[in-house]
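J.: Structure below; questions to follow.
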Amino acid sequence: LNNENAITPVIPSNEEALFIEQNSSENKFMDSYLSNDLVNVFKQDLIFVTFQIFCRTDDEDGGDYYPAEIAIMKYSFSDNIKQEYYTIMKPEKFPVGYTGTAIDLSRETHLIPPFDFIDANGDYPKIWQEVKRVIGG
């Protein structure tokens with residue numbers, strides 16, 4: 001077999017092609033964002049956000065997320081950490097049938113208790129203000 005080392009083109013599946021098409025604007029943005037010269041890259045603010053959740057309802061129930069914690073940080077290579085915010089969120093009442101899911105997910109992942117956590121923050125408008133403060137919005 002003389003063609004053993006021949007490279008055959010990989011044809012993406014319909015699902016992969018759709019994913020690439022749907023994310024092309026994000027890819028173009030990142031290409032332009034990262035094509036800056038190094039001086040600008042070092043001055044550029046990067047925002048890191050991470051969430052943990054208690055549960056997510058099924059799509060037929062709305063597909064809603066019930067957040068457990070949020071951590072957000074504005075960072076630049078030149079200035080290091082510029083702003084940050086972290087809080088454990090007090091959940092609203094879980095929908096019928098999802099309390100067990102919240103307890104199980106808590107035990108299996110982040111270990112944040114879904115009930116009776118004294119330091120949990122239930123002031124959602126204040127949480128949103130803090131998120132906007134960090135991202136500059």
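The values are calculated or read from the model by the stated rules, or taken from the named source; none is laboratory data. Given the structure is predicted, the values throughout are model-derived calculations rather than measurements. Ideal geometry is used to build each Cβ from the backbone, glycine not excepted, and the neighbour counts take in all protein chains shown.
J.: Among (1) in a loop (DSSP other than H, G, I, E, B); (2) modelled with pLDDT of 90 or more, where does Asn36 come up short?
T.: Going through (1) in a loop (DSSP other than H, G, I, E, B); (2) modelled with pLDDT of 90 or more one by one, Asn36 breaks only (2).
J.: So is Ile103 of a type in the set (A, V, I, L, M, F, W, C), out of contact with any helix residue (DSSP H, G or I) (no Cβ under 6 Å at 6 or more places or on another chain) and assigned to a helix (DSSP H, G or I) or not?
T.: Yes, satisfied.
J.: If you don't mind, another one. From the list Ile127, Ile88, exactly one residue is assigned to a strand (DSSP E or B) and closer than 19 Å to Ala71 by Cβ. Which is it?
T.: Exactly one of Ile127, Ile88 is assigned to a strand (DSSP E or B) and closer than 19 Å to Ala71 by Cβ, namely Ile88.
J.: Say we look at the stretch 39-69 and pick out the residues that are of a type in the set (A, V, I, L, M) and in a strand (DSSP E or B); which of these is farthest from Phe115 (Cα to Cα)?
T.: Out of the qualifying residues, it is Leu46.
J.: From the residues in the stretch 41-79 that are touching a residue at least 12 places away in the same chain (Cβ under 8 Å) and of a type in the set (Gly, Ala, Ser), which one is surrounded by the fewest Cβ atoms within 10 Å (Cβ to Cβ)?
T.: Ser78
J.: For the stretch 97-106, indicate whether the set of residues that are touching a Lys or Arg at 6+ places or on another chain (Cβ under 8 Å), over 30 Å from Asp45 (Cα atoms) and not polar (S, T, N, Q) is non-empty.
T.: Checked the stretch 97-106: no residue is touching a Lys or Arg at 6+ places or on another chain (Cβ under 8 Å), over 30 Å from Asp45 (Cα atoms) and not polar (S, T, N, Q).
J.: Going by the structure shown, is Ser76 touching a strand residue (DSSP E or B) at 6+ places or on another chain (Cβ under 8 Å) and of a type in the set (Ser, Thr, Tyr)?
T.: yes
J.: Another question about this same structure. With Lys93, Lys82, Lys28 as the choices, which residue is out of contact with any helix residue (DSSP H, G or I) (no Cβ under 8 Å at 6 or more places or on another chain), loosely packed, with under 11 Cβ neighbours inside 10 Å, in the same structural domain as Glu130 (by TED's automatic domain parsing) and basic (Lys, Arg)?
T.: After ruling out the rest, the residue left standing is Lys93.
J.: Right, another one. Of the residues that make up the stretch 108-117, is at least one assigned to a helix (DSSP H, G or I) and surrounded by 12 or more Cβ atoms within 10 Å (Cβ to Cβ)?
T.: No - not one qualifying residue is present in the stretch 108-117.
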